[in-house]
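The values are calculated or read from the model by the stated rules, or taken from the named source; none is laboratory data. As the structure is a prediction and not an experimental result, all values here were calculated from the model. As a convention, Cβ positions derive from the backbone with ideal geometry for all residues, glycine included, and neighbour counts pool all protein chains shown. Accessible surface areas use protein heavy atoms only, side chains included; no ligands, DNA or RNA. Shrake-Rupley method; radii C 1.70, N 1.55, O 1.52, S 1.80 Å.
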Amino acid sequence: MFYSAAWSAKDISLRLSVIRGLRHRIAADAERLVRSLEARPGRSAAESVSAEILPLAEACRFLEREAAGLLAPKRLGRRGRPVWLFGVEAEVRREPVGTVLIVGPSNYPLLLPGVQAIQALVAGNRVLVKPAPGCGAPMLLLAEWLEEAGLPPGLFRVLDDSAGAVAEAIDEGIDKLVLTGSADTGRAVAERLARHLVPSTMELSGNDAVFVLKGAEVGQVARALAFGLRLNGSATCIAPRRVFVPHEMAAGLEDALIRQVAAIPPVPVSLPIRRRLAALARDAVAEGARALGSVPKDEDAAMTPLILTDARPGMALLHEEIFAPVLSLVPVRDMEEALEAAARSPYALGASVFGPVAPARELAARIDAGTVTINDLIVPTADPRLPFGGRHASGWGVTRGAEGLLEMTQVKTVSIRKGRLRPHFDAPREGDEALMLAALRLFHGGPGTRTEAIRRMVRAVRGRARD
């Protein structure tokens, strides 16, 4: 195993003190965190502050306020306790899982592994963080600040960023893995974890859908989509990719979107992603889509937003994760057709709905996705109170929020029997079956069975007494 150190069983106040100290240090030395994120391509310093540093500080404060109550043992009262368990008190405890390995992504190398790490630490675990290649600087800075805030030695360790570090850590022994990455990476890591029966939480690929309702303000929708294409170079797992819009609104949205994206500067996109996107875009055009903007070429190190209109649900572009500024407009008759079309993608990470709030709420309830925003994109998911996770090929489990904290624990139940009566310790006696069947019908039978069940129970009790 990687560690010998551990938290003590009753040190929640120490854990929260460490997180409070970390939050204060984040605020005091935020410029150092900004510099540690300078390697992130296509992002301004302001975006680093708004998209990673501020949400991380808010996540710390959420834990300071809520973690003690969420992790405290929950005693169960008499309500709902089966009658035959009279005299038994019960409680549910949350205990750390042990050593948690966190595998961070390259697109948000501070916020995502940072929140997961502090949740794991507050839950009482030891933490290993494996950063994405070239993205270790912010995690090393957190390690330094956690130690200065009073974190006991050995509880937080940053691994090297090589591809083999994850496999080595799993083989040496971990108790849980939290991964943010592509679906292909998730499959490979899950197979390795299965050999060791190690559980995991995985946030995987996305190809997010946007539903535009009749009555939506087209100009506002276009601004939102342009924001999704611009933020972090559009390398965001819940960036908009598929826009389902009624036929009669498609042309207006197309015109508004062209005006909005015109000012977005080119962003660096890796050659493998550009080549894959170019192939998918050419296939979509061959199948009837229209490309607004330039299809990326090998000689172009950066690309401007690419919009494909008249896209259809079966096109491969709508079924793959692409970390680049690309958007497909899919005209539909109505939202029924939109829901059917959206369900053809294997990914179900996030979705957005634009339009009047009442019908938007109704539609949100029917969308198969881990998170849905109404009349907004991406930003509301940074609320530290909200859990975040995907479905299907977009992963399983959640991080962040109360639910994300509890995912860093394992459940233990404790039951206490009071008094001296233990009839179940005795060997079965004649008549026990009749007594238990009478009790079953009394407590769980349908209408009209209660009176007869009472008679049977009385007869069964008398019979046992004679014996």
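Suppose we keep only residues that are of a type in the set (A, V, I, L, M, F, W, C), assigned to a helix (DSSP H, G or I) and in contact with a strand residue (DSSP E or B) (Cβ under 8 Å, 6 or more places away or on another chain) within segment 255-274. Which one would you say is surrounded by the most Cβ atoms within 10 Å (Cβ to Cβ)?
LEU257
With the structure loaded, tell me whether LEU197 is surrounded by fewer than 20 Cβ atoms within 10 Å (Cβ to Cβ) and out of contact with any Leu (no Cβ under 8 Å at 6 or more places or on another chain) or whether it fails that test.
Criteria met by LEU197.
Can you say whether ARG23 is at pLDDT 95 or above, part of a helix (DSSP H, G or I), closer than 30 Å to GLY233 by Cβ and in contact with an Asp or Glu (Cβ under 9 Å, 6 or more places away or on another chain), as far as the supplied structure shows?
Judged against the criteria, ARG23 is a match.
Given the conditions (1) in a loop (DSSP other than H, G, I, E, B); (2) over 26 Å from PRO268 (Cβ atoms), report the number of the one that LEU128 does not fulfil.
(1)
What are the pairs with Cβ atoms under 8 angstrom where one residue, in segment 415-435, is among the basic types (Lys, Arg) and the other, located anywhere, is surrounded by 10 or more Cβ atoms within 10 Å (Cβ to Cβ) and part of a loop (DSSP other than H, G, I, E, B)? Sequence gap at least six, or different chains.
Going by the 8 Å Cβ cut-off, the qualifying pairs are ARG417/GLY87; LYS418/GLY87.
Applying the selection to segment 32-41, what residues are touching a residue at least 40 places away in the same chain (Cβ under 8 Å) and either of a type in the set (Val, Ile, Thr) or buried (at least 19 other Cβ atoms within 10 Å of the Cβ) (or both)?
LEU33, SER36, LEU37, ARG40 - these are the residues of segment 32-41 that are touching a residue at least 40 places away in the same chain (Cβ under 8 Å) and either of a type in the set (Val, Ile, Thr) or buried (at least 19 other Cβ atoms within 10 Å of the Cβ) (or both).
Do any residues in segment 438-456 that are basic (Lys, Arg) have Cβ atoms under 7 Å from those of residues that are surrounded by fewer than 13 Cβ atoms within 10 Å (Cβ to Cβ) and assigned to a helix (DSSP H, G or I), where the two are at least six apart or on different chains, and which pairs are they?
none
What are the residues in segment 162-181 that are free of Cβ contacts under 8 Å to residues at least 60 places away in the same chain and open to solvent by 20 Å² or more (accessible area, probe 1.4 Å), if any?
Correct list: SER162, ALA163, GLY164, ALA167, GLU168, ASP171.
In the set LEU111, LEU140, LEU159, which member is within 25 Å of GLU31 (Cβ to Cβ), at pLDDT 95 or above, over 21 Å from the mean Cα position of the chain (by Cα) and open to solvent by 10 Å² or more (accessible area, probe 1.4 Å)?
Among LEU111, LEU140, LEU159, only LEU140 is within 25 Å of GLU31 (Cβ to Cβ), at pLDDT 95 or above, over 21 Å from the mean Cα position of the chain (by Cα) and open to solvent by 10 Å² or more (accessible area, probe 1.4 Å).
What tally of residues in segment 353-376 results from selecting those that are free of Cβ contacts under 8 Å to residues at least 40 places away in the same chain, surrounded by fewer than 21 Cβ atoms within 10 Å (Cβ to Cβ) and in a loop (DSSP other than H, G, I, E, B)?
3
So in segment 415-440, with the set limited to residues that are modelled with pLDDT of 90 or more and charged (D, E, K, R), which one is most open to solvent (accessible area, probe 1.4 Å)?
LYS418
Quick one: which of VAL411, VAL379, VAL398 is closer than 30 Å to SER200 by Cβ and exposed (fewer than 12 other Cβ atoms within 10 Å of the Cβ)?
Sole residue among the options that is closer than 30 Å to SER200 by Cβ and exposed (fewer than 12 other Cβ atoms within 10 Å of the Cβ): VAL411.
Looking only at residues in segment 336-352 that are buried (at least 22 other Cβ atoms within 10 Å of the Cβ) and of a type outside the set (Phe, Trp, Tyr), which one is nearest to the chain's Cα centre (by Cα)?
Checked segment 336-352; the qualifying residue nearest to the chain's Cα centre (by Cα) is LEU349.
Quickly run through segment 200-240 and pick out the residues that are assigned to a strand (DSSP E or B) and either out of contact with any strand residue (DSSP E or B) (no Cβ under 8 Å at 6 or more places or on another chain) or open to solvent by 20 Å² or more (accessible area, probe 1.4 Å) (or both).
The answer is SER200, and nothing else.
I want to confirm something. Restricting to segment 145-156 and keeping residues that are at pLDDT 95 or above and either in a helix (DSSP H, G or I) or touching a strand residue (DSSP E or B) at 6+ places or on another chain (Cβ under 9 Å) (or both), which single residue is most open to solvent (accessible area, probe 1.4 Å)?
GLU147
I'd like the residue in segment 306-335 that is assigned to a strand (DSSP E or B) and under 26 Å from the mean Cα position of the chain (by Cα) and, out of all such residues, is farthest from ALA235 (Cα to Cα).
Per the criteria, the residue is SER328.
Would you pick out the residues in segment 275-302 that are among the hydrophobic types (A, V, I, L, M, F, W, C), touching a residue at least 24 places away in the same chain (Cβ under 8 Å) and open to solvent by 10 Å² or more (accessible area, probe 1.4 Å)?
Hits for segment 275-302 are LEU280, LEU292, ALA301, ALA302.
Taking the criterion of being buried (at least 16 other Cβ atoms within 10 Å of the Cβ) and touching a residue at least 60 places away in the same chain (Cβ under 8 Å), would at least one residue in segment 72-90 satisfy it?
Within segment 72-90 (the criterion being buried (at least 16 other Cβ atoms within 10 Å of the Cβ) and touching a residue at least 60 places away in the same chain (Cβ under 8 Å)), the answer is no, since none of the residues qualifies.
Tally up the residues in segment 295-337 that are in contact with a Leu (Cβ under 7 Å, 6 or more places away or on another chain) and among the small types (Gly, Ala, Ser), please.
Of the residues in that region, 4 qualify.
Looking only at segment 166-198, count every residue that is over 14 Å from ILE102 (Cβ atoms) and part of a loop (DSSP other than H, G, I, E, B) and tell me the total.
Of the residues in that region, 3 qualify.
Going by the conditions given, is ALA57 among the small types (Gly, Ala, Ser), touching a strand residue (DSSP E or B) at 6+ places or on another chain (Cβ under 6 Å) and within 20 Å of VAL34 (Cα to Cα)?
no
Could you grab me the full set of residues in segment 26-40 that are in a helix (DSSP H, G or I) and either small (Gly, Ala, Ser) or in contact with a Leu (Cβ under 7 Å, 6 or more places away or on another chain) (or both)?
Hits for segment 26-40 are ILE26, ALA27, ALA28, ALA30, ARG32, LEU33, SER36.
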